[in-house]
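Peer 1: Here it is, the structure in full.
The values are calculated or read from the model by the stated rules, or taken from the named source; none is laboratory data. Predicted model only: the values in this text are computed from it and were never measured. No Cβ is skipped: glycine too gets one built from the backbone with ideal geometry, and neighbour counts run over all protein chains shown.
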Amino acid sequence: MNRFAKCAIAFLLAGSFSAQAQRLTTYVDPFIGTGGHGHTFPGATVPFGMVQLSPDNGHQGWDWCGGYHYSDTIITGFSHMHLSGTGIGDWCDISVMPQTRLSAKGVSDTIGFSHRNEKATPGYYQVKLNNGINVALTATERCGLHNISFPAKTQPVVKVDLGFRINWDKPTASYIRQLNDSTIEGYRYSTGWAKTQRVYFVIRTSKAIKKIYLDDAGVSAEGQTLEGKAVRAQLLFDESKGNNVLYKVALSTVSTAKALDALNEIKGWSFDKVKASAEAKWEQELEKMQINTADAKLKRIFYTALYHTCVMPALYSDADGSYQNAAGKVAAMPGGKQRYNVFSLWDTFRALNPLFTLTQDVRYSDMLNSLLVFYKENGLLPVWDLSSNETNCMTGYHAVPVLADAVLKGIKGFDVQLAYEAMKKSSMQDVRGTNFYRQYGYIPQDKYGSSVTVTLEYAYDDWCIAQVAKHLGKNDDYAYYMKRANSWQNVFDSTIGFARAKNSDGKWVEPFDPFYSEHDADKAMFTEGNSWQHTFFVPHDVTGLAMKYGSYEKFAKKLDELFSVNSAMTGENQSPDVSGMIGQYAHGNEPSHHIAYMYDFIGMPWKTQARVRMIVDSMYHDNPDGYAGNEDCGQMSAWGVWSIAGLYPANPASGQYMFGSPSADEVRIAVPAGKFIIKAKNNSKKNVYIQSVTLNGKPYDKNYITHDTILKGGVLEFTMGQQPDITRR
């Protein structure tokens, strides 16, 4: 029995924690994030499942990156793979749609629906379409289960549309074959954000298929097998056999034979049993971090955020650990491990991955090994892994802080020496501007775009490598990478107090406007933002950054100014990702996420407390547009989970969690020793300031707590008040 199962049992036996009075899944609303620019999906999945079965509206556009947007009123299909909260749209593979009639050749029918007839809970989605069809969905790790009720006196039809696509994705090859009267198999190959994608499937129906109609891009074909670019099948059922049809859809990245094996994840046809199993898996995840509060809205925000931290990365391998990589090679993870994909590392290294070191004891080593297998297959660690492809999306080499954090925290189950080798290889590559970075000590704007952001992020990643080198006793490497970690100073202009771009001749790029935003990465100086938001990305040397302003007080004044200046940006092609504005602080995008916690480092924690509570209260809501920007595979949610608890990994690889202002009265975290409890005494909407802190009943004077301390269990208690305590530094 793993330690989290033991902890869950301990919680149940204790029986004193108020959250246990109701199942935690009842506080999760999967529609949070489906509106605004959150880009989440509401459908049925289990934690980190390969199958993410959800409705697609069929519309193109940025706000349909997850296939569905709450503003929409039509559904064109229910596909089995989705991206959660990304800024680029892909996947939506293996689209299946129940209908009351056969579609015309090549036509993708859409059917209207109302949110009044729609419901979603963890592991379950249901909608009654305007044509009277009721759709209920649930899932296991690799298999989706559809329960379809057709209106009386209608013709039951199920369409499998391998040509369905939105946004970047487009099919390159597809195939469908009927195996018997209740089973079809096939594959869909496509290209898009990930250049090479291969998904194999098997569909089994609870009732015999009366007839199958096949076509490819509107051209009909006789028989029971068809291969083409955009193959579609329409499965006709005998209406005299009843109006209810169930079907399982199993996936594999290897073969249809492996997909056939995955059908065995669902035994029989009990929809309620599969749904209950999915809910139980979610309940176990939510039990790992539990809050106590009388604020029902805060519970919905917290548990939905915790839910969203368990959607990505997604399983990529079959049950036996086998997978097919982007090069077409079939391999297997060593030692029975599983391979994961969808590593949005530019986002998640900041808060989600550090959260996993507490909440994903069993899975996390598999995720880390997935990064290392990617390295062995491609020669470099992934930057943004999708379908085992390197999309090269965003900046930095942020698999480095993820691995460094794991090494320094003593996470077991992966090869530390291989991880260190991979980190160094990423830092010594000759792509993505790293050659210029090593040559000049910064990236010149006339050599490589987004130069300031890339320099700042490489400097942080190099600090992480230095810490691992020190941990492993590699003193020469430590000295080398610590020198590189100071590269941020080469793009900081102390005369104006901003990071800014410099050309290869050593001269600053003119003109300079700290409010200026350019979305084109090649033209931009800052990735998805401006100098206001990126200047503060020096989480490994906050003291050094503060001294560039002359003193802690002057640095605090600059931070204050960030939150109070005009929120308007300049530029004709501003990045749409910059959202959730408080002054020029942009909570809707990740570069700002650590900034409110920087006051902690300079002895002004009361300023962190005020800012954090304001951000929690203003940027997280329990409605579809409840996120300030893209949810980004769990990072936006992870910030909320940490901050509601009162902690945050402002330097993600330091093993230190800075204090904020806990919104919940109590938080319980399952740890090897049993539980670590965070209490907020006298907590309220007005009492946002920490007056005193105790750890296990003894006074505690630091502004952070370490990972190792949490693992030992115990009680961290904050006494809250309405006025800042400026004596606590």
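Peer 1: Restricting the first residue to region 206-222 and requiring it to be over 21 Å from SER182 (Cβ atoms), which pairs with a second residue that is assigned to a strand (DSSP E or B) and among the small types (Gly, Ala, Ser) meet a Cβ separation below 6 Å and a spacing of at least six or different chains?
Peer 2: ASP216/GLY228
Peer 1: What pairs come out if I take residues in region 285-311 that are on the phi < 0 side of the Ramachandran plot and pair them with residues that are of a type in the set (Lys, Arg) and part of a helix (DSSP H, G or I) whose C-beta lies under 7 Å away, six or more apart or interchain?
Peer 2: Close Cβ pairs (under 7 Å, with a partner that is of a type in the set (Lys, Arg) and part of a helix (DSSP H, G or I)) amount to ILE291/LYS299; THR293/LYS299.
Peer 1: If you scan region 244-257, which residues turn out to be within 27 Å of ASP29 (Cα to Cα) and in a helix (DSSP H, G or I)?
Peer 2: none
Peer 1: A further question follows. Which of the residues that make up region 493-507 are surrounded by fewer than 24 Cβ atoms within 10 Å (Cβ to Cβ), outside any loop (DSSP other than H, G, I, E, B) and either under 31 Å from the mean Cα position of the chain (by Cα) or of a type in the set (Gly, Ala, Ser) (or both)?
Peer 2: Of everything in region 493-507, just one residue is surrounded by fewer than 24 Cβ atoms within 10 Å (Cβ to Cβ), outside any loop (DSSP other than H, G, I, E, B) and either under 31 Å from the mean Cα position of the chain (by Cα) or of a type in the set (Gly, Ala, Ser) (or both), namely PHE498.
Peer 1: What is the one condition in (1) surrounded by fewer than 18 Cβ atoms within 10 Å (Cβ to Cβ); (2) assigned to a loop (DSSP other than H, G, I, E, B); (3) touching a helix residue (DSSP H, G or I) at 6+ places or on another chain (Cβ under 9 Å); (4) not aliphatic (A, V, I, L, M) that GLY550 does not satisfy?
Peer 2: Result: GLY550 fails condition (3) only.
Peer 1: Looking at region 47-105 only, could you name the residues that are touching a Lys or Arg at 6+ places or on another chain (Cβ under 7 Å) and among the polar types (S, T, N, Q)?
Peer 2: GLN99, SER103 - these are the residues of region 47-105 that are touching a Lys or Arg at 6+ places or on another chain (Cβ under 7 Å) and among the polar types (S, T, N, Q).
Peer 1: If we only count strands (runs of 3 or more DSSP E) wholly inside region 141-200, which ones have 3 or more residues that are over 32 Å from the mean Cα position of the chain (by Cα) and at pLDDT 95 or above?
Peer 2: 170-180
Peer 1: A follow-up question, please. Considering every residue within region 349-366, establish whether at least one is in contact with a helix residue (DSSP H, G or I) (Cβ under 6 Å, 6 or more places away or on another chain), farther than 28 Å from GLU141 by Cα and touching a residue at least 40 places away in the same chain (Cβ under 8 Å).
Peer 2: No: zero hits.
Peer 1: Check every one of the helices (runs of 4 or more DSSP H) wholly within region 258-354 and list those with 2 or more residues that are touching a Cys at 6+ places or on another chain (Cβ under 9 Å), modelled with pLDDT of 95 or more and farther than 27 Å from ASP461 by Cα.
Peer 2: 271-286
Peer 1: Mind telling me which of the residues SER579, SER575 ends up being touching an Asp or Glu at 6+ places or on another chain (Cβ under 6 Å), touching a residue at least 40 places away in the same chain (Cβ under 8 Å), among the polar types (S, T, N, Q) and at negative phi?
Peer 2: SER575
Peer 1: Pick out, from region 390-461, the helices (runs of 4 or more DSSP H) lying fully within it that include 1 or more residues that are in contact (Cβ under 8 Å) with a residue 60 or more places away in the chain.
Peer 2: Once the helices (runs of 4 or more DSSP H) in region 390-461 are filtered for at least 1 residues that are in contact (Cβ under 8 Å) with a residue 60 or more places away in the chain, what remains is 399-408, 434-440.
Peer 1: If you don't mind, another one. Taking region 515-528 as the search range and keeping residues that are in contact (Cβ under 8 Å) with a residue 60 or more places away in the chain and not charged (D, E, K, R), which one is surrounded by the most Cβ atoms within 10 Å (Cβ to Cβ)?
Peer 2: The residue in question is PHE526.
Peer 1: Does THR73 satisfy the condition of being at pLDDT 95 or above, over 22 Å from the mean Cα position of the chain (by Cα), among the β-branched types (Val, Ile, Thr) and more than 30 Å from LYS211 (Cα to Cα)?
Peer 2: Considered against the rule, which asks whether it is at pLDDT 95 or above, over 22 Å from the mean Cα position of the chain (by Cα), among the β-branched types (Val, Ile, Thr) and more than 30 Å from LYS211 (Cα to Cα), THR73 comes out as yes.
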